[in-house]
Amino acid sequence: MNSPILTHSATHTGREVPEDTVDSLLSKMTLEEKIGQLQQVDASADPFPDDLIDGVRTGRIGSVINLAQTDACNRIQRVAVEESRLGIPLLMGRDVIHGFRTIFPIPLGQAAAWNPDLVREAARIAAVEARSQGVHWTFAPMIDISRDPRWGRIAESFGEDPYLTGLLGSAMVEGFQTDDLSGHGAILACAKHFVGYGASESGRDYSATNIPANELRNIYLEPFRRVVEAGAATLMTSFSDIDGVPATANGALLNGVLRSDWAFDGLVVSDWNAINELIVHGLCEDGRSAAAEAALAGVDMEMAGDAYARHLAGLIEDGVLSISLIDSMVARVLRLKQQLGLFERPYTDAAGFDPLVSDRALKVAYESAVESLVLLKNAGAVLPLREAQLGSIAVIGPLADAPHEQMGTWVFDGQKSDSVTPLQALRQQCSGKIQVNYAPGLETSRSRTHDLFGAAETAVLKSDVALVFLGEESILSGEAHSRADIRLPGAQSELLARIKALGKPVVTVVLAGRPLVISENLPNTDALLYAWHPGTMGGPAITAVLFGKEAPRGKLPVTFPKSVGQIPIYYNHKNTGRPPNASEMILIDDIEVGALQTSLGMSAFYLDDGFEPLFPFGFGLSYGHCELEDLELSQPEIGQGEQLKIRVSARNTGGRTGFETVQLYIRDITGSLTRPVKELKAFKRLSLEPGRCEVVEFELGAADLSFYRRDGSFGPEPGRFCLWVSTSSEGLQAEFSLGA
Ligand code: BGC
């Protein structure tokens, strides 16, 4: 065994590490050891294969992925620290996407809460749980703007809006990292996938993206700009091709926008084997040129590939890459290890942490699930259920009691035994008071057989109300799980239609990883609650909302299409020269056969599906009813240094406490580049007792009106603006101007 050159004293704290640790280590490292720090290797095999142990011992591996268990992490860490020449600790990476062991709603569900504080708190709990098991680095937040619900990874995103995504992504970063990376339970965040992955053509995962420069800057890059400002320590490149240069080789974006324009000084890691995939993309002939392209573009560490390990040394020898480039890449890795305090405390002592799935974690998982639920329909105020008037309820559907499915995609460490399902929670709620008649109707969300329909109908017939839990299993969304037909899978729509025909009140709860096309289902239900994949505490959260113990308050973070043919459909689209107009719309059934060609006066709509979505971005009902009135602006025009003050009154005109998210949108009417018809700029969340009125105030200044302009510069442009204050992306309107 070699004796480590760096000694690890138990008395050292993170702050006592000499400033020159990184430089002093660099001066002692061989080229092979330097390249080792740029190598992240999959360590999921149990027991550890010999080549992994050997690679760590010889300093040829700087980071591992897919290890999340204290003993195993400490075991491999011991090899790095006590058996390698320099004793440099490993960085342990793991996908902690929406919880570690306690599972929170999928990120798209968390986004529906429009609550950065809750996202931050959930990330904090996830970080502490993960850190207690030896994890130092998570690959989240995923802040890819997602306008296509066919794309399975929309589940991992915060939806379609750059402002909301940037805000929630930043909150997640803060929750993971805190303001001291060496502090208790802090882990590195990794904002991904830089950039444009969410625009995968046709929603098919990994397909190319075609994003015009202006959209790239103003929409897709915007959340990254904000999380970099919020201090994200690392970023991951996207798998996708972006205008001919795959993101992993895209120096204009990595070295240019990220490092030069935004002064990002953290680490960039490739996605899984994405450097070698530059060959498959057709950009590079072999691993050697792929390694050169990625390193020159600004990728510091290679995840689960061998291009750097095999070729960096030769590239330096041949003068293609300079040693100073390699040194700066290695320094970024070492600096993070230093900031995490790993040189002083390389091992994890789980006993120093709260137990996993603590009461507090479950409480936040419950709150997070409650706030993620979006009430999309509530005809005849069928919800909340009136407990005193109910003798029996029917609980139907393949997702009523599916503890694994309710956790959603990207769950490696959550356990279904921790999940509380809707059926379990409803049984508890109803115990001794209301009869629960459970009949799933379908075995899984994809089952096609009607064999169990009869039993489901019998259960409904002997009940006062049918609660139907439909949707998608968790594996139908997430990476590599895109769908072309995003209606309810299997025979679920038929099951719902059969239940509706029985004449009892029907309440549908949809658990899914994406906005599903539910147009044909809406007429077959009196109420519809969209629950996404709500995580460990999904059952109690849904039950509390169904019975009115909690009021629904979620708002859609993404537009719901009427049909797949409308996709992509998103609220912040361009106006075009022929914007759609409901009064001019022609319906397909009104067109005469043999009609002559005409396009005069026509606008941007579908003959069969119009132009409006099924539900707009920002939409969501509550049990109270909130109306906005008296919109006032402080002045009709503001100067460059002034703030516009906006006031509106929110009144709860319903009979119950109402929750409302008042949203502020603007439209820059004329610009050097055409601007979106609406852009979310701010929002405020309220809770109002019946009959109460509250004044909501916003401020807008020139900075809020800024965008990347036609000449490439960033800033506002004088001129007229429209402004909306609303409870969804449709509402009260006013105008103002920005002076020159
Ligand atoms: C995904 C990343 C993920 C990585 C590690 C890749 O396939 O695209 O988002 O972090 O795997 O699991």
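Yes/no matrix, rows are residues, columns are (1) within 25 Å of E32 (Cα to Cα); (2) surrounded by 24 or more Cβ atoms within 10 Å (Cβ to Cβ):
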site: S63; (1), (2): yes, yes
site: R85; (1), (2): yes, no
site: W114; (1), (2): no, yes
site: A122; (1), (2): no, yes
site: H136; (1), (2): yes, yes
site: M142; (1), (2): no, yes
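Surrounded by 19 or more Cβ atoms within 10 Å (Cβ to Cβ), away from the ligand (no atom under 16 Å from the Cβ) and more than 31 Å from the chain's Cα centre (by Cα) - does that describe any residue in the range 345-361? Looking through the range 345-361, none of the residues is surrounded by 19 or more Cβ atoms within 10 Å (Cβ to Cβ), away from the ligand (no atom under 16 Å from the Cβ) and more than 31 Å from the chain's Cα centre (by Cα).
No other residue among R120, R75 is of a type outside the set (A, V, I, L, M, F, W, C), over 22 Å from the mean Cα position of the chain (by Cα) and in the same structural domain as T234 (by TED's automatic domain parsing) apart from R75.
Restricting attention to the range 248-301, the residues that are of a type in the set (S, T, Y), closer than 15 Å to M236 by Cα and surrounded by fewer than 21 Cβ atoms within 10 Å (Cβ to Cβ) add up to 0.
Can S482 be described as surrounded by fewer than 24 Cβ atoms within 10 Å (Cβ to Cβ) and at pLDDT 95 or above?
Details: surrounded by fewer than 24 Cβ atoms within 10 Å (Cβ to Cβ): no; at pLDDT 95 or above: yes.
No: the conditions fail for S482.
Among the conditions (1) assigned to a strand (DSSP E or B); (2) more than 27 Å from S622 (Cβ to Cβ); (3) not aliphatic (A, V, I, L, M), the only one that R710 does not satisfy is (1).
Run down G503, G490 and say which single residue is out of contact with any Leu (no Cβ under 8 Å at 6 or more places or on another chain) and either in a loop (DSSP other than H, G, I, E, B) or within 16 Å of A402 (Cβ to Cβ) (or both).
On the way: G490 fails: out of contact with any Leu (no Cβ under 8 Å at 6 or more places or on another chain).
Within the list G503, G490, the selection yields G503.
Scoring S368 on the criteria (1) in the same structural domain as R78 (by TED's automatic domain parsing); (2) touching a Leu at 6+ places or on another chain (Cβ under 9 Å); (3) polar (S, T, N, Q) leaves a single failure, condition (1).
Summed over the range 649-701, the residues that are out of contact with any strand residue (DSSP E or B) (no Cβ under 9 Å at 6 or more places or on another chain) and at pLDDT 95 or above give a count of 1.
Here are some residues: R332, R310. Which one is more than 16 Å from the ligand (Cβ to nearest atom) and without any contact (Cβ under 8 Å) to a residue 24 or more places away in the chain?
Values: R332 fails: without any contact (Cβ under 8 Å) to a residue 24 or more places away in the chain.
Going through R332, R310 in turn, the sole match is R310.
Yes or no, residue by residue, for (1) in contact (Cβ under 8 Å) with a residue 24 or more places away in the chain; (2) within 16 Å of the ligand (Cβ to nearest atom); (3) in contact with a helix residue (DSSP H, G or I) (Cβ under 8 Å, 6 or more places away or on another chain):
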position: W151; (1), (2), (3): yes, yes, yes
position: I154; (1), (2), (3): yes, yes, yes
position: F158; (1), (2), (3): yes, yes, yes
position: D161; (1), (2), (3): yes, no, no
position: G175; (1), (2), (3): yes, no, yes
position: H184; (1), (2), (3): yes, no, yes
position: K192; (1), (2), (3): yes, yes, no
position: Y197; (1), (2), (3): yes, yes, yes
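Name every residue in the range 240-280 that is assigned to a helix (DSSP H, G or I), in contact with a Pro (Cβ under 9 Å, 6 or more places away or on another chain) and either of a type in the set (G, A, S) or within 15 Å of the ligand (Cβ to nearest atom) (or both), in order of residue number. E277 - this is the single residue of the range 240-280 that is assigned to a helix (DSSP H, G or I), in contact with a Pro (Cβ under 9 Å, 6 or more places away or on another chain) and either of a type in the set (G, A, S) or within 15 Å of the ligand (Cβ to nearest atom) (or both).
Out of the residues in the range 372-408 that are crowded, with 24+ Cβ neighbours inside 10 Å and of a type in the set (S, T, N, Q), state the one that is farthest from the chain's Cα centre (by Cα). Among those that are crowded, with 24+ Cβ neighbours inside 10 Å and of a type in the set (S, T, N, Q), it is Q406. In the range 128-149, the residue that is nearest to the chain's Cα centre (by Cα) out of those that are away from the ligand (no atom under 16 Å from the Cβ) and of a type outside the set (D, E, K, R) is P149. Looking for something assigned to a loop (DSSP other than H, G, I, E, B), within 16 Å of the ligand (Cβ to nearest atom) and farther than 22 Å from L181 by Cβ - is there at least one such residue anywhere in the range 216-238? Checking the range 216-238: at least one residue is assigned to a loop (DSSP other than H, G, I, E, B), within 16 Å of the ligand (Cβ to nearest atom) and farther than 22 Å from L181 by Cβ.
Can you name the number of the only condition in (1) surrounded by 16 or more Cβ atoms within 10 Å (Cβ to Cβ); (2) in a strand (DSSP E or B); (3) acidic (D, E) that E627 fails? Status for E627: all satisfied but (1). Here V364 clears all of (1) within 23 Å of the chain's Cα centre (by Cα); (2) surrounded by 20 or more Cβ atoms within 10 Å (Cβ to Cβ); (3) part of a loop (DSSP other than H, G, I, E, B) except the condition numbered (3).
When the range 46-63 is filtered for residues that are among the hydrophobic types (A, V, I, L, M, F, W, C) and within 20 Å of V333 (Cβ to Cβ), the ones remaining, listed by number, are L52, V56, I61.
Just checking, which of G196, G185, G175 is at positive phi and crowded, with 24+ Cβ neighbours inside 10 Å?
Criteria check complete, one pass: G196.
Take the conditions (1) touching a residue at least 60 places away in the same chain (Cβ under 8 Å); (2) crowded, with 18+ Cβ neighbours inside 10 Å; (3) of a type outside the set (F, W, Y); V79 misses just one of them, which is (1). Checked against the criterion of being without any contact (Cβ under 8 Å) to a residue 60 or more places away in the chain and over 25 Å from K416 (Cβ atoms), the candidates K500, K462 yield just one match: K500.
The values are calculated or read from the model by the stated rules, or taken from the named source; none is laboratory data. Remember, it's a predicted structure, so these values are computed and weren't measured experimentally. Virtual Cβ from ideal backbone geometry, glycine too; neighbours counted across all protein chains shown.
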